[in-house]
Amino acid sequence: MTSPSPHPAPDAAAPLVVQDWERLSFRVHRRAYRDADLFAAERARIWERTWLYLGHETELGPNDFKVRTLGGRPLIFTRDAKGELHAFLNSCPHRGTVLCRETQGTSKHFNCFYHAWAFHNTGEVAAIPDPSAYADEEYKASMRLREVARLEVFEGFVFVSFTDDVPPLVDHLGPAADYMRMIGEQHVAGMEVLPGTQLYGVRGNWKLAVENAMDGYHFSPTHNTFVGYLRESGFAVDDDDQYAYNLGNGHSLLILTGHGGRISMLWEPRFGEDERVRTAEHRREMEQRLGSERAHLVADESHILFVFPNLLLFDLEGLSIRQLEPVAPGHTDVRAWQLAPRGEDPAVRDLRMRTMVSFVGPGGLATPDDIEAYEAVQRGIEATAGDGRAELDYSDMSRGMADDGTGRRGRSTDEGAMRGFWRHWATVVGAGGPVDVGTPPAGHPEPTPLPSKRPHGLDEILAGLETGNEVAAR
Amino acid sequence: MTALDTALPGSTRTVTRAEVEDFLFAEAALLDAQRYEEWLGLFVEGGRFEIPTTDAGDTPASQGGYFVCDDWDLLRARVKRLRSRKAHAENPASLTHRMIANVRLLERDGDELSVAANFLVHRARDGHTNAFPGRYAHRLLVTEDGLRFRLRRSVLALERLEAGARLSFIL
């Protein structure tokens, strides 16, 4: 065994994504989860060219900083004394040393220990020891901290791009934007990220985490014990009449109405009697502030929103933000935060923490089983790697494919949201989009029409998307 | 959870470090053997189990990120889950091996005793082994015939949970 790879070189000729419109099958080649060359292509064509979720603006007060890694690049996420947000490359412009070796803190300066260069948190050079050895002041000033190419904030969510060649953030978000806006509308005082990050690694490809979040089919079998707990607490979980939506640009959405139970918005018995009273009061406030139709959309539906490529918003009992950072084909780092109303009643905050943490995160009653699923897939797909029967090395995502391109929305327990993700992935990663067998339906598979009670402005956004560049290019 | 210990009267009797060590060692043996029902019997009714995130510091469980913040209901649900074949993340169960050291009695307030200890738990599963070093910061109820957890708190001495190191077992 001289090869470092545990399996033979992937069959580069086998198509990555195949949609067969006669058999109504949709298949993804499993090298998409394990091939190092494809991983490098994803870094170059997705993570270096797309808006990426960095963090939330409420994580930082003046002069606070957090270090993060996106697309393998170490970054400093900071807010200067004037309140402006920055994302600096966490690397000294001099010789490349990691500049900030703390994970978080408060500082007006970043100092490189190696040669004692110092920088203001606006990026300007503060001091270079013995500067007379450099040509002039201009040269010294050129050594300011390197920033990401673009940084934009939408409703408190901070995104960055490593290239200038990206559309405005709100165009990238498309219909996903309104579902992010709804989060801020839940409470009159707005939302804030709570301290304490769940930072953990999983032995699985990042796309398995995306699939899992958009997969209502796994909920009952995988989370059998959690569903049992919910039922015992007087809450029936129902997967009927719930739908998945492709929002274009790789974004997707599950709208869950049968998983109810939303703290301060939709009461269920396990939340207790005090919370029932508070929920009713809060609903009255929301209806006054937002109008009854919007209040209904914001309060009564649970959402799982995926913003391509690295942000998942779990707007369920409470609100959890999850950021995916691919480290290697079979290794993904995850950061997760709780987003909660500012100035929340301590009793509600306590309920929120217990309720959300009980479900999400690597120590919860449900997420460990999801992680078990990604990790078991990652191990299991070695079974077909390099098999002479090439057709075996595909994963199947055909559930509900008869709905694609018909304008019908797919059920949350089908696999339509995953198909939307993979179609976009196959296009942007340079595979030329999915390979069609047979004749595709006249109507394009995405975006899916959203429910009739659409958020304000969404009809216009969708109308733009249907004639937009991305669809026209296919 | 307000009438915590009505069924179990507290005591102001003297407790030695040896007694606390025996309690923690016996607990470790129960957990390594996956005897979860008996383990739950080491708690007072209304007891809690917490694991803060690796960056949380002393943030109270009600105010910040936690890996585990179980009240009594959730703790019982966790044990019920672990006993089920359908707790997929722990079926088959992780192989765990616990070392407990540096046990200290920190503070005594009536029938309550605060104790600290260091732990090192090794967990093997799926061909990998993860090490979980950390310290306990427990609050124990002293009774006439033993000790019970009011708060069982495990604080990781890690910067993060490394790949595969999910907390599907009891840390």
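The values are calculated or read from the model by the stated rules, or taken from the named source; none is laboratory data. Bear in mind the structure is a predicted one, so any value in this text is a computation, not a measurement. Don't worry about glycine lacking a Cβ; one is built from the backbone with ideal geometry, like all the others, and counts go over all protein chains shown. All accessible areas refer to the heavy atoms of the entire protein, side chains included, with ligands and DNA or RNA removed. Shrake-Rupley method; radii C 1.70, N 1.55, O 1.52, S 1.80 Å.
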### Task
Mind listing whichever residues of segment A:83-100 are open to solvent by 20 Å² or more (accessible area, probe 1.4 Å), of a type outside the set (A, V, I, L, M, F, W, C) and in contact (Cβ under 8 Å) with a residue 12 or more places away in the chain?
A:GLY83, A:GLU84, A:SER91, A:PRO93, A:HIS94, A:ARG95, A:THR97
#### Entry: Residues located in segment A:369-383, provided they are away from every other protein chain (no Cβ under 14 Å) and open to solvent by less than 20 Å² (accessible area, probe 1.4 Å)
A:ILE381
### Summary
Of the residues in segment A:418-435, those that are farther than 15 Å from A:ASP20 by Cβ, of a type in the set (A, V, I, L, M) and in a helix (DSSP H, G or I) come to A:MET418, A:VAL428
### Query
Residues in segment A:260-276 that are open to solvent by 30 Å² or more (accessible area, probe 1.4 Å) and not charged (D, E, K, R): how many?
3
### Query
Does segment A:114-125 include one or more residues that are of a type in the set (Phe, Trp, Tyr) and surrounded by fewer than 20 Cβ atoms within 10 Å (Cβ to Cβ)?
yes
### Message
Scan segment A:338-351 and tell me whether some residue there is within 26 Å of A:TRP206 (Cβ to Cβ) and not small (Gly, Ala, Ser).
### Response
yes
#### Entry: Unique residue being more than 20 Å from the chain's Cα centre (by Cα) and charged (D, E, K, R) when the list is A:ASP370, A:ASP333, A:ASP350
A:ASP350
### Query
Which condition does A:GLY105 not pass, out of (1) within 14 Å of chain B (Cβ to nearest Cβ); (2) at negative phi; (3) not polar (S, T, N, Q), if it passes all the others?
(2)
### Task
Determine whether segment B:84-105 contains at least one residue that is closer than 24 Å to A:GLU344 by Cβ, open to solvent by less than 30 Å² (accessible area, probe 1.4 Å) and of a type in the set (A, V, I, L, M).
no
### Task
Could you list all residues from segment A:248-279 that are part of a loop (DSSP other than H, G, I, E, B), closer than 21 Å to A:MET353 by Cα and not aliphatic (A, V, I, L, M)?
A:HIS259, A:GLY260, A:GLY261, A:SER264, A:TRP267, A:GLU268, A:GLY272
### Query
Residues that are more than 8 Å from every other protein chain (Cβ to nearest Cβ), farther than 30 Å from A:ILE46 by Cα and open to solvent by 10 Å² or more (accessible area, probe 1.4 Å): which helices (runs of 4 or more DSSP H) entirely in segment A:188-244 hold 1 or more of them?
A:219-222, A:224-232
### Task
Return the only residue of A:ASP315, A:ASP300 being more than 12 Å from every other protein chain (Cβ to nearest Cβ), closer than 17 Å to A:THR279 by Cα and open to solvent by less than 10 Å² (accessible area, probe 1.4 Å).
A:ASP315
### Query
For segment A:374-391, which residues satisfy the criterion of being of a type in the set (A, V, I, L, M, F, W, C) and in a helix (DSSP H, G or I)?
A:ALA376, A:VAL377, A:ILE381, A:ALA383, A:ALA390
### segment B:81-96: number of residues that are under 16 Å from the mean Cα position of the chain (by Cα) and at the interface with chain A (Cβ under 9 Å from one of its Cβ atoms)
1
### Message
Looking at B:PRO133 and the list (1) farther than 30 Å from A:GLN104 by Cα; (2) away from every other protein chain (no Cβ under 12 Å); (3) surrounded by fewer than 17 Cβ atoms within 10 Å (Cβ to Cβ), which single condition is not satisfied?
### Response
(1)
### Query
Given (1) over 13 Å from the mean Cα position of the chain (by Cα); (2) more than 14 Å from chain A (Cβ to nearest Cβ); (3) surrounded by 15 or more Cβ atoms within 10 Å (Cβ to Cβ), where does B:THR59 come up short, assuming only one miss?
(2)
### Message
Within segment A:47-123, considering only strands (runs of 3 or more DSSP E) that don't extend past its boundaries, which have at least 3 residues that are over 21 Å from A:MET180 (Cβ atoms)?
### Response
A:64-70, A:73-79, A:85-89, A:104-106, A:109-111, A:118-120
### Query
Within segment A:24-46, can you find the residues that are buried (at least 19 other Cβ atoms within 10 Å of the Cβ) and not in a helix (DSSP H, G or I)?
A:PHE26, A:ARG27, A:VAL28, A:HIS29, A:ARG34, A:ASP35
### Task
With the condition kept exactly as written, say whether any residue in segment B:148-156 is surrounded by 13 or more Cβ atoms within 10 Å (Cβ to Cβ), in contact with a Ser or Thr (Cβ under 7 Å, 6 or more places away or on another chain), within 14 Å of chain A (Cβ to nearest Cβ) and in contact (Cβ under 8 Å) with a residue 60 or more places away in the chain.
yes
### Task
Go through (1) at the interface with another protein chain (Cβ under 8 Å from one of its Cβ atoms); (2) within 14 Å of A:PRO368 (Cβ to Cβ); (3) open to solvent by 20 Å² or more (accessible area, probe 1.4 Å); (4) not basic (Lys, Arg) and name the single condition B:ILE51 misses.
(3)
